[in-house]
Structure formats: structure tokens, C-alpha cells
Amino acid sequence: MARHLTRRTLLTSSALLAGGMLSGCGREFHKSETVRKILGSAENANFAVQRALGDRMQLAREYDEADISPDFQGNGTTNPATAEYDAMAANGFADWRLELTGLFTRPQAFSMAQLRAMPQRTQITRHDCVEGWSAIGKWTGVPLKLLLDKAGLEKSANYLVFHCADRLSGVRYYESIDLIDAYHPQTIMAHRLNDAEVPVKNGAPLRLRVERQLGYKHAKYVQQIEAVESLGNMYGGKGGYWEDVGNYAWYAGI
Amino acid sequence: MLGKMDSDMKQPHSRAEPKHRLMTRLWHWVNAAALIILFMSGLNIFNAHPRLYWGSYGSWGDPAWLQLSRFPGWATIPGYYSLADARMWHFFFAWVLALSLLVFMVVSLINRHFQRDVHITRNEWRWSTLRSDIAQHLRGNFTHGGGTYNVLQKITYAVVLFVALPLMIFTGLTMSPAMAANWPWLLDIFGGRQSARSIHFIVTWALFAFFVLHIALVLLSGPLRQVRDMITGGTREPEEHI
């Protein structure tokens, strides 16, 4: 009987125990390099498989006007509220510049007026936050590809880093994408939301739309796009604010 | 069923077939661990936005059909709130769940576990069979299946295997913006991303209910033998243990 009890205790509860132990494990366990490496392999698999399962130019669903959310939620920074930003906002962002720097053959800057004068793309898409909520909005902006063509991306460039005007907990927000997403037709630098200027809470005057990834990749208040070979020596080295600070996945396709 | 067992036993030198085959046992425990981790890390993820909606969109400003407060730390993985860490656990074990289910399904078709043990015969669909099986369950007699699954068990396992678990996988994929772009039909069959998220949540609790019922019935029907058989395989002769 004792033998059976031991066996039962061991076996019936082994799975339950595993769950309970994981719940009880401290931060040190969850933050340990080994655990992260093992679990992180799934994120690499998501990246590889999700890219492999679709065409690289596969479009995210576009919706009708009737599907638009009544209120497009602002998340993260909802107002950069720096003196420079406030001054530019007061002036209708007439002085805002989008600089293309790094591995470009013709690095250059664009004013908002120049961006508005370029060919535009309008798309009604769903914004999926990593937290779980979704909002549908109508975005208008310049396809990123057109800007890259103007500035001439160098062959050694592998990533685009988006430097933003906002700071979270004192750290500048930034994000990065690879060239597959950079050249995707729905990847635009948006300056209009729902037929009006992008509101401050949603990233005025210019934000990235990268429709096949989660919301934190869609950098707001973008001031500079830097073409780089690797992400390792930018900021915290993981390719984005939340990636550095919160250990979120760089590839946010799921 | 009995006829097949008789013929099996008549074969000279052949060992009695186990009650649960190796693949079934392996999958059972891998799946149990994966489901528990997915459940608890899923509750942590839910805590990031504890509201549910129908349709394509839904956020703080939109009407929710369900709003809860956060699940407590003892029920979540990790035991503290961390959306990023919970997502790591969830997506790793989502692969474990999906791949082990796929392997289990293919092997169970080949070794005829599905056809032999889970397939519900026309005879069993009769109301009289169902009624007598329900009556037996209510009387606490769980050994009336002749060593095989009774019809209520078959229905339950079939629903879990072929409805609930695939629903979890596909509603999960629908929430991925990349997969929704790759396979737009996902959005259509579930009625939008937020509906998929709601279905994911509802089926989670249906699986939890199954889990509770499953443990309760194991406890009521000889837990020592049941657990031992799910590890060692046991034998198919039911009378031996009564």
C-alpha cells in the first residue's frame, strides 16, 4: 500500500506539480539564460514558420469603412510631452523632419509637406496589441519602399531602426524591422488616421504601420529611420524598446 | 469488441495487449503537462487585458461581453504578472501541444486506436444505449465498458481530441497577425480576431471542466489502477482488477 501511495503521489500529481512549481518559481528561474534560450527557440520557430507559410508580400486583411473602431486606443506613450515636441505640435508639425540615416547612398530628410506630396497608400487595417485588444483604423501614408528608393538602401543594410520622439521611463523608444517587412506594400509611414491628422495619442505626426506584426512594432512619433547591418549595438541590442526593457520578442507576428 | 479480444488472446505466444498503448500513454502525459502550462500561462496573458469581445475589434472603449479582474499569481505561470514571460511559456508549449497532437493522431490512425477505441458505432448512438450508460454512471458504476471505453467516454474523448484541442490551436493562430495574413480564412471561420480570442477563452474553460471531470472519475474508479495503467499500459482484461 505504501508503495502504491508513493507511486500515486508521484504519478498523479507530477503534471500538476510541474504547473504549480512553475507558478511558484521565482523571477530568477524565469529570467535565467537557459530557460529563456529553451523557450525562446519557439519564438524563432514562429518567425521561420510564419514567414514560410505565406508569401512575403501577403497582405494583411483590409476592412470596410463600416468596420472602423469608434475610438482608436492610444497605448504606451500617449503624448511625448517634451518641450521640443510640444513646440512642434503647436506649430502643426510644420518643422517635423523624418531623417533617413545610416546605410543609404543618399541620406536625406523629409518634411511633412514633402511626405504629403508623395504618392500615398490608404488602408483600413486591424491593429493588434500584444495585450490582446484590437482596433480598426483607416491609415494614410507614404509607402516606406518609396522612401527607401529615394535614399538608396545600401547592400549591407539588413534592418531599419525607427528612432522616436517619445521616452518611456526615461529611455528613448525605438523599433526595428527587417527588409521583408520594410518593402511590404502595406508598410507605410502614416500621417493620417480616419481621414484626419494622426492624433497625438496615436503617434502624431508620423508613425510606422507594419501590419503583420503586433502593435509595439508600429513605432510612433518617428523622427529618424536608420539603416543598419545588425541590431546588436543599437540601444540595448535586442532591436526595440520593449525587446530591451521587457524581454518581448523581436518578431511580433504572434 | 469482445470477439476481437478473444481472437487476440487465442494467438499463441502473443502477450496480452495493453489497455493503453505506448503512444497513447506518452501523449497523455506530454499533453497533460502542456495543457497545464498553457492554461496557467494563458491566464497570465489574459491578465494583460481581462476583457473579451465579439467581432474583429475590441478595446477599452468598446463594449465587452465579459470583464474580469486579474487571475491571482498562484494560478499563473510565471507566478508574477509578466506578459512577455508568459508568452514565452505559452508559445513554447503551444508547439509541444500541436506537434504531439499531430503525431498522436497519425499514430492512432495507424495503430487503429481511434477506429477501435474512440469510434462510436451506430449501435452506441442509440438512445437506449446512451440512456443506460448515463444511468450506470449515475449509479457510480464505471466498469461496465467491458475494458473498453463506454459511449459517454468515447463522446467526451472525441470532443476533446477532434473539437476542443483543434479549436484551441486554430483560434490561437487566428490571433496572430502574421497567420491571419497568411491564412485569412481563419478570420472568416471564427468571425474576427476578437471572436477567436473569446472562443479561445471559452474552450479553455471547457477543457478545464473536462480536466476536473476526468480527475474526479479517475478518483472514483480506482485511481491506483487507472494511473498505473496509464503509465505501464495495463492489460485489456477488465475483470482482473475488480
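Things to note:
- Within segment A:187-211, the residues that satisfy the criterion of being part of a loop (DSSP other than H, G, I, E, B) and either away from chain B (no Cβ under 14 Å) or within 17 Å of A:Phe162 (Cα to Cα) (or both) are A:Thr187, A:Asp195, A:Val198, A:Gly203, A:Ala204, A:Pro205, A:Leu206, A:Val210, A:Glu211.
- Just so you know, in segment B:45-75 the residues that are polar (S, T, N, Q) and touching a Pro at 6+ places or on another chain (Cβ under 8 Å) include one that is surrounded by the most Cβ atoms within 10 Å (Cβ to Cβ), and it is B:Gln67.
Yes or no, residue by residue, for (1) away from chain A (no Cβ under 13 Å); (2) without any contact (Cβ under 8 Å) to a residue 12 or more places away in the chain:
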site	(1), (2)
B:Met168	yes, no
B:Thr171	no, no
B:Met175	no, no
B:Asp188	no, yes
B:Gly192	no, no
B:Ile202	yes, yes
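- Selection status of A:Asn158, farther than 13 Å from A:Val222 by Cα and either touching a residue at least 24 places away in the same chain (Cβ under 8 Å) or touching a Ser or Thr at 6+ places or on another chain (Cβ under 7 Å) (or both): yes
- Residue in segment B:13-28 that is farther than 30 Å from A:Glu65 by Cα and acidic (Asp, Glu) present: yes
- Cβ separations smaller than 8 Å between residues 6+ apart or across chains give the following pairs from segment A:30-41 residues that are closer than 11 Å to B:Pro78 by Cβ and more than 8 Å from chain B (Cβ to nearest Cβ) to residues that are surrounded by 13 or more Cβ atoms within 10 Å (Cβ to Cβ) and of a type in the set (Phe, Trp, Tyr): A:Val35/A:Phe29.
- The residues of segment B:44-58 that are over 26 Å from B:Gly79 (Cα atoms) and facing chain A (nearest Cβ under 9 Å), listed by number, are B:Tyr53, B:Gly55, B:Ser56, B:Tyr57, B:Gly58.
- A single entry from A:Arg36, A:Arg27, A:Arg106, A:Arg56 fulfils the requirement of being within 24 Å of A:Met234 (Cα to Cα), exposed (fewer than 13 other Cβ atoms within 10 Å of the Cβ) and out of contact with any Cys (no Cβ under 9 Å at 6 or more places or on another chain): A:Arg106.
Read the figures in this text as sums done on the coordinates, not as results from a lab. This one's a predicted model, so the numbers in the text were calculated from it and none came from an experiment. Don't worry about glycine lacking a Cβ; one is built from the backbone with ideal geometry, like all the others, and counts go over all protein chains shown.
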